[in-house]
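Structure, as structure tokens:
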Amino acid sequence: MTSTTTAYAAHSPKAPLERTAIERRDVGEFDVLIDIKYAGICHSDIHQVDEGWDEGIFPMVPGHEIAGIVSEVGPGVTRFRTGDRVGVGCMVDSCRTCDNCKAGNEQYCTGSGMVGTYNDTGKDGQPTYGGYSQAIVVDENYVVRIPDDLALDVAAPLLCAGITTYSPLRHFGAGPGKKVAILGMGGLGHMAVQIAHALGAEVTVLSQSLRKKDDGLRLGADHYHATSDPKTFEELDGTFDLILSTVAAPLDFSAYLSLLKTDGTLVNVGLPEEPISLDLFSVVTGRKTIAGSLIGGIAETQEMLDFCAKHGIGAEIELIRADQINEAYKRVLTIDVRYRFVIDTTTI
Ligand code: NAP
Ligand code: ZN
Ligand code: ZN
């Protein structure tokens, strides 16, 4: 048994998104039905609709930055009630028994692998459809609570952009006494600036230009530099303990590694569609580390939401109607977003 809901889907790779009807599974014993209010547009949505990474499953309903209200719960649900304010991020299931799942790192599930919120196949064998829709059914273990102090529209992007930057900033020790650079001032980058600042680090934004400098400083950056200016690389040589790259295009990592102190770490979360090349002298010299990080676990996502509520952190958003999604995609690709498009899903 299923129920029908309205959504925006791409019917083939690179196709514009159109209003369509999709089926959601009935609410199972441990499921919650969520009346979606807002869905953020992540650059990953565009990579996947465009098949920039891999073959996609179509029709594709993107959206893994979901905020809404619980409208029904299954009989076995213990953590949520009708009326609760909740969020769903990039995954809706995992094996739950492997070491990573047990340790709360479900995003690195080594059993059956994490089940993506969309562009994936659920344990029932059916395709998963994401948040550009009016309702979603999710197992309660993959749902998080949005604190009352956070408005749902500015909270939605935290479910991916927030956790994707919070997790590595915590893991790699951003905090007091640490000089942290955030590379790229987009959806992820503008969250990283706020979170790194709230963690107590000295924060520098490295952006292609100084166009967004005022915003960066307002959001908590201590310094702001343009990477288009060669002087930036001379001035900041050997400066940072940690660089977090959120850039969606291939970069010359060798140049950025020169900005790290000895033993510094460059952690990358950006996922460009082409590989990069690297001069290994830039890692060997100064015992540098290059690392990566994928979203964050469920408990850590809840911790991030509570942290953001405590520090008054939300995304800077441009709220759009569903019929503006295709235009928003174009604007993300031309780096014309400040700093996250969020869909008012009541307009779907
Ligand atoms: P976004 O809003 O488009 O921001 C990306 C930023 O990268 C831009 O604002 C721009 O910042 C910078 N940039 C873009 N093209 C560049 C270029 N050619 N050279 C240098 N800088 C460039 O994208 P997003 O939603 O934040 O996502 C960023 C990337 O992270 C995407 O590839 C996405 O798929 C990936 N992602 C990864 C994870 C994960 O778990 N690892 C999770 C979510 C997203 P400036 O204008 O400041 O230069
Ligand atoms: Zn995302
Ligand atoms: Zn697992």
Could you pull out every residue, at least 5 positions away or on a different chain, whose amide H is within less than 5 Å of the one on VAL77? Hs are placed 1.01 Å off N in the peptide plane, and Pro or chain starts have none. none
Nothing charged except the Cβ atoms of Lys and Arg (+1) and of Asp and Glu (-1): what's the magnitude of the dipole of the chain about its Cα centre? Round to the nearest 20 debye. 580
In Hz, Karplus ³J(HN,Hα) per residue of region 191-207 (6.51, -1.76, 1.60; θ = phi - 60°; x = Gly, Pro): 6, 4, 4, 5, 6, 4, 5, 5, 6, x, 7, 8, 10, 10, 9, 10, 10
Any chance you could get the radius of gyration and Dmax over the Cα atoms of region 162-292, in Å? 13.2, 37
Residues whose built amide H sits under 5 Å from the amide H of ILE320, excluding neighbours closer than 5 in sequence, are VAL342, ILE343, ASP344
Tail fraction, Cα-Cα pairs, the chain, threshold 39 Å, whole percent: 12
For region 281-298, take each phi angle, set θ = phi - 60°, evaluate the Karplus expression 6.51 cos²θ - 1.76 cosθ + 1.60, and give the result in whole Hz per residue in order, putting x for glycine and proline. 4, 6, 8, 5, 6, x, 6, 7, 10, 10, 10, x, 7, 10, 5, x, x, 5
Which lysines does LYS14 reach when only Cα atoms under 23 Å apart count, and residues fewer than 8 places away in its own chain are ignored? LYS330
Total charge dipole magnitude, region 72-229, about the Cα centre, Cβ charges on Lys, Arg, Asp, Glu only, Debye to nearest 20: 340
Using only alpha carbon pairs under 8 Å that are at least six residues apart, calculate the relative contact order of region 162-292 and give it in whole percent. 21
Which of the peptides 265-272, 277-284 is most tightly packed, and how do the rest follow, judged by the mean count of other Cβ atoms within 10 Å per residue? 265-272, 277-284
What is the magnitude of the charge dipole of region 72-155 about its Cα centre, with +1 placed on the Cβ of each Lys and Arg, -1 on the Cβ of each Asp and Glu, and no other charges, expressed in debye to the nearest 20? 160
Subtracting the Cα-Cα distance from 0.36 nm times the residue separation, let me have the gained length for ALA15 to ASP214 in nm, one decimal. 68.0 nm
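All of the numbers you see were taken from the coordinates with simple rules; none came from a lab. Small disclaimer: the values here were computed from a predicted structure and weren't measured. Reconstructed Cβ throughout: ideal geometry from the backbone, glycine too, with neighbour counts over all protein chains shown.
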